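Visitor: Sharing a structure, written as structure tokens. Questions coming.
The values are calculated or read from the model by the stated rules, or taken from the named source; none is laboratory data. Please read all numbers here as calculations on a predicted model, not as lab measurements. Glycine also receives a Cβ, built like all others from the backbone with ideal geometry; neighbour counts cover every protein chain displayed. Surface areas here come from the heavy atoms of the whole protein model, side chains and all, with no ligands, DNA or RNA. Shrake-Rupley method; radii C 1.70, N 1.55, O 1.52, S 1.80 Å.
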Amino acid sequence: MSAPTRGYWCECWTEDLTSAEGPALPASFDAHSAPQADRWIAVALRTIPSDEAWAWLYEGRVETRQALMRSEPCTVTVTHASTRITWAVRPALFLPLAHRGGDELPACAYDFRRSATVSSPS
């Protein structure tokens, strides 16, 4: 069995500001380095036609990357139209999964269902 590895757990939360429903977690990602976590956010932000998104890409990105390089958790939030999108990244220790080969999940991974109750980023 291999040893745990350090990395970053990345989540993307969305919230419809016109709805009473809470935030939803449409995406998550296990990054193995600070630059990889930073790129995950940057790629998504490039698809949002918002001054707020582009401001982070040109000005705020450096601060976020520096925080990640120091292994500090960070969040990036933008609002576009009536949707608030938050990327939350925090250092993590990843445990190896039994019977995992490359990107393929073990068969038991499909036995679990996502919970309807998911807490929002802090």
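Visitor: Which condition from (1) among the aromatic types (F, W, Y); (2) open to solvent by less than 70 Å² (accessible area, probe 1.4 Å); (3) modelled with pLDDT under 80 is the one that Y110 breaks?
Guide: With (1) among the aromatic types (F, W, Y); (2) open to solvent by less than 70 Å² (accessible area, probe 1.4 Å); (3) modelled with pLDDT under 80 applied to Y110, the lone miss is (2).
Visitor: What number of residues within segment 51-80 satisfy the criterion of being within 20 Å of G7 (Cβ to Cβ), among the hydrophobic types (A, V, I, L, M, F, W, C) and out of contact with any Cys (no Cβ under 6 Å at 6 or more places or on another chain)?
Guide: 4
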